[in-house]
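Structure, as structure tokens:
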Amino acid sequence: SAARMVGATGQTIHASGTGWTPVYVTPNLAVMSVSFLLPDADAAVVWRGPRKNGMIKQFLTETVWDDDGLDYLIIDTPPGTSDEHISTVQYLQAVGGVSGAVVVTTPEEVSMSDVRKELNFCVKTKVKVVGVVENMAQYRSSVSSLGFRRPATAADGANGSANGNSGDGTTVECTEEVLEMLREKCPEVLDMIATADVFPASGGGPRGMAEQFNVPYLGGLPLDPNLLKACEDGKCFVDAFADSPAVGPLNALVDKLVKAMPVEEEMDAEDINKQLMEE
């Protein structure tokens, strides 16, 4: 999914005498993904622990990111506390440790119960938790982008099938009718942001969970259809949808992460690879 989200679908990595060359999406953004090694986008990765661990080590030791090193190495891990997490932490700790973990959750208990395990994993492995991010915190959309439906009546035809009804006999599409009414009688409403708690928070929600573990709550990222579209199309969200409701919260989140983990001069890439190979 990383390849699709950054617009690198169908790209491949290149091997040379110095190692693997990652796919450069922009001059300052390089990506490595298992998907670049597969024959097609739908191929399954059926690997046992040793094979997965070996691939993680190869990604960390044989990728030639840049002669000047990296400002940030972001590793997207799957949910849970599996071999991938343990191996990644161990390999990185061998060369000075992990700068921090950003733990992402949605507000409902089904998600937070797994995330609490992640937080306990970080405690046991001595990984600093930079903070908790609440994803899909709230649905946000401009009123002008909303769709509207009204209850079907007998006048809408048999089974409510007329006028674009969904076919279930209960509602009828009336988006243009409502928007036209707003344009005529209350146009300022069209520029307002409509919100809804799609996933109601359980208990204290992610903020309460962060307080329980004494880690920062970095904020909530709203459920924004344009963010999904940007990921699907492999575009930069903040550039492609500069006025979208999630742009402000996303920029604020990134600012907090940069402040919490400022770029520092550390070991060069050659020294890091040497230490990893010795492990």
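Details
- Protection proxy ranking, peptides 44-51, 219-226, average beta carbon neighbours within 10 Å, highest first: 219-226, 44-51
- Sulfur and carbon atoms: percent of accessible area, the stretch 84-239 [1.4 Å]: 54
- Label-zone membership for the stretch 1-29, site Ala44, 7 angstrom Cα→C-beta point, backbone N under 19 Å: 1
- Max mean-square fluctuation residue, GNM over the chain, Cα-Cα springs under 10 Å, options Glu177, Glu84, Glu62: Glu177
- Pairs of Cα atoms farther than 15 Å apart, the stretch 67-117, %: 57
- Among the listed pairs Lys57/Lys126; Lys117/Lys256; Lys57/Lys259, those beyond 27 Å (Cα-Cα): Lys57/Lys259
- With N counted as the residues of the stretch 164-242, its alpha-carbon radius of gyration over 2.2 N^0.38 Å works out to 1.62.
- Distance histogram in 10 Å bins (all Cα pairs of the stretch 13-70, percent per bin): 20, 50, 27, 3
- Rh (Kirkwood; distinct C-alpha pairs) - the chain, Å: 22.2
- Helix 247-260 and the longest principal axis of the Cα set of the chain meet at an angle near 20°.
- Only DSSP H runs of four or more residues enter the estimate; each adds -39500 (n - 2.57), and after division by the residues of the chain the mean residue ellipticity at 222 nm equals -10500 deg cm²/dmol.
- Neighbour cut-off at most 10 other Cβ (10 Å), DSSP loop, chymotrypsin sites (Phe, Trp or Tyr not before Pro), the stretch 53-118: Tyr72
- With distances taken between every two different alpha-carbon atoms, the stretch 112-261 has a Kirkwood hydrodynamic radius of 18.7 Å.
- Convex hull of the stretch 1-97 built on C-alpha atoms - directionally averaged projected area, nm²: 7.0
The values are calculated or read from the model by the stated rules, or taken from the named source; none is laboratory data. None of these values were measured; they are calculated from a predicted model. Neighbour counts run over all protein chains shown; Cβ positions are idealised from the backbone, glycine included. Heads up: the accessible areas ignore ligands, DNA and RNA and are worked out on the full protein's heavy atoms, side chains in. Shrake-Rupley method; radii C 1.70, N 1.55, O 1.52, S 1.80 Å.
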